[in-house]
Amino acid sequence: MRTERDSMGEVQVPDGAYYGASTQRAVDNFPISNLRFGRTFIWALGLLKASAAVTNKANGSVDAEIADAIIRAAEEVMEGDLDDHFVLDIFQTGSGTSTNMNANEVIANRATEILGGELGSKLVHPNDHVNAGQSSNDTIPTAIHVAAVSGIEGSLLPALDALCASLEAKAVEFDDILKSGRTHLMDATPVRLGQEFGGYATQVRNGAARVRSVTRELLELALGGTAVGTGINAPDGFAAATIAEMSRRSGYNFVEAPNHFEAQAAKDAVVSASGALKTVAVSLFKIANDLRWLSSGPRTGIAEITLPSLQPGSSIMPGKVNPVIAEMMMQVSSQVIGNDAAVTWGGANGNFELNVMMPLMAHNLLESIDLLASASNVMREKMVDGIEANGDRARWLLEQNVIIITALVPVIGYDKSAEVAKKAFAEGRGVREVALELGVLPEAELDAALDLRPMTEGGVVG
């Protein structure tokens, strides 16, 4: 162990740790869970600290040699080389001050080492040098937005776009397959299997558009507000220059928030983003559950489609294969919906000039992004791309569907149609057979009225 000192006194820190006294106190104070900030959030902190050091070197706030060492150390944080030294629990001080100081201390000690100093000597100071021009109260909300934009743009949107393309391809492939529509889980008028898949594709496309829309809100960064939004101790132009450097390094067009009091006291953009993710989760749950139902059986269920067989489905029933990817997606979607509930309540707990639920909100938002991205890729690769249609089965079920009588309503009226339907159902016979027997229409007119393909036309404009 080595002895480090902060404003509260001496603290024993493991010899090889790059973190210092403030982080160690938080390690001791918050042994709550095994949840830690992930790679994207740590990368965002490194990006911020490296960019701030570039600005502080340029404006003379930090000695050039020290600033260069900070930049190098922060870049190692960005690259993941120092992840093992980010040791704090998600459940901690609500401002995320402990995690900001974790980053400051890791970077300061690594920069000290780069300059030839000893760990803990504070040749590079975590507050005076690494944190110069900043406060936890503007760096943590900044890192949340930066990490979320990176996760959405780098992982989630490409995954959703690819899933949408796969569903669209299936919509084209299955366009000629006629089948029963279903409402209330009961037989309804005919649709085409391709139309169902086209609906799924549009759900995913619309979800991606919603996520893209809220991403614009996340491009606004709180950096520059420091403690309470007034910008105290931040040099003029610090935020603008640092954010420009962050944009240059990341490739994302970040901007300074126009109102720092809103940016720090409220987390409405995070709540909005989480809400969009929840909507995507609801869509993906619906799609996965539909595919599970449509593939049910295979002998005693609907079985209009076949999902890829991936693994044995039972430890006791030989030959059983379950829709495991659909079930995975349903669980992921449920987790994202739960995460959103916590983010929503976290957003409500901004008091005066600061929200005090930021670590929780950050973790849940970023977890939702990662889960939806990974699950969407797996759903596409291991399920959607390999779906096969059982056209004969779909056609047979459709021919048993008494509800096709709906096509006769404009010709023979509702009451007569109901009479035909009830007789067909009661006797287990087809609508056409019963209608012909009752003489409701000449055979040629009846055949034309019960032509199934025209019953499925429409539903898409343009």
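Here, each number is a calculation from the coordinates, and none is a lab measurement. This one's a predicted model, so the numbers in the text were calculated from it and none came from an experiment. Ideal geometry is used to build each Cβ from the backbone, glycine not excepted, and the neighbour counts take in all protein chains shown.
At an R0 of 60 angstrom, the distance between the Cβ atoms of residue 409 and residue 7 translates into a FRET efficiency of 0.15. Taking a sphere under 11 Å around the Cβ of residue 390 and counting the other residues whose Cβ falls inside, with K and R at +1 and D and E at -1, yields a net charge of 0. For the stretch 1-54, the residue among 34, 17, 1 whose Cα projects farthest onto the positive side of the dipole built from Cβ charges is 34.
Other residues with beta-carbon under 13 Å from the beta-carbon of residue 228 carry, at +1 per Lys or Arg and -1 per Asp or Glu, a net charge of -3.
Only beta bridges with both residues in the chain are counted; by DSSP, about 90 percent of them are antiparallel. Projecting the Cα atoms of 154, 106, 48 onto the charge dipole of the chain, computed from C-beta unit charges around the Cα centre, puts 154 farthest toward the positive end.
For the chain, a simple Cβ point-charge model (Lys and Arg +1, Asp and Glu -1, everything else neutral) yields a dipole of about 860 debye relative to the Cα centre.
If you place +1 on the Cβ of every Lys and Arg, -1 on the Cβ of every Asp and Glu, and leave all else neutral, what size is the dipole of the stretch 325-397 about its Cα centre, to the nearest 20 Debye?
Once rounded to the nearest 20, the dipole reads 220 debye.
Roughly what angle does helix 39-59 make with the longest principal axis of the chain, taking Cα atoms, 0 to 90 degrees, to the nearest 10? Here the helix axis deviates by roughly 40 degrees. Protection proxy ranking for 426-433, 141-148, using the average of other Cβ atoms within 10 Å per residue and placing the highest first: 141-148, 426-433. Using C-alpha pairs under 8 Å with a sequence gap of at least 6, the mean separation divided by the residue count of the chain gives a relative contact order of 15 percent.
Relative to the longest principal axis of the Cα atoms of the chain, the long axis of helix 414-427 makes an angle of roughly 90 degrees. Straight-distance candidates among the lysines for linking to residue 278, with alpha-carbon spacing under 21 Å and chain neighbours fewer than 8 residues away dropped: 267, 286.
Charges at C-beta only: +1 for Lys and Arg, -1 for Asp and Glu. How large is the resulting dipole of the stretch 380-462 about its Cα centre, in Debye rounded to 20?
Details: 10 positive and 15 negative charges, 55 e Å.
Result for the stretch 380-462 is approximately 260 debye, rounded to the nearest 20.
Think of the stretch 401-455 as a dipole: +1 on every Lys or Arg Cβ, -1 on every Asp or Glu Cβ, centred on the Cα centre; then among 410, 421, 439, 421 lies furthest on the positive end.
With the Cα gyration tensor of the chain in hand, convert its eigenvalues to equivalent ellipsoid semi-axes via √(5λ) and list them largest first in whole Å.
Numbers: eigenvalues 734, 96, 60 Å².
Calculated on Cα positions only, the semi-axes equal 61, 22, 17 Å.
Computed over the stretch 2-132, the P(r) tail beyond 19 angstrom holds 43 percent of alpha carbon pairs. Note on the stretch 213-359: along the principal axes its Cα atoms extend 72, 34, 26 Å, ordered by decreasing extent. Taking amide H as placed 1.01 Å from N in the peptide plane, the amide H of residue 81 sits under 5 Å from none that are at least 5 places away or on another chain. Both numbers refer to the Cα atoms of the stretch 401-455; Rg and Dmax are 9.9, 27 Å.
Determine the gain in length on full extension of the stretch residue 427-residue 121; use 0.36 nm per residue of separation and subtract their C-alpha separation, reporting nm with one decimal.
Working: separation 306, 0.36 × 306 = 110.16 nm, distance 9.09 nm.
Extra length from residue 427 to residue 121 when fully extended: 101.1 nm.
Going by how many other Cβ atoms sit within 10 Å of their own, how do 380, 395 line up, fewest first? Spell out each step's value before the answer.
Values: 380 21, 395 15.
Final ranking by Cβ density, sparse to dense: 395, 380.
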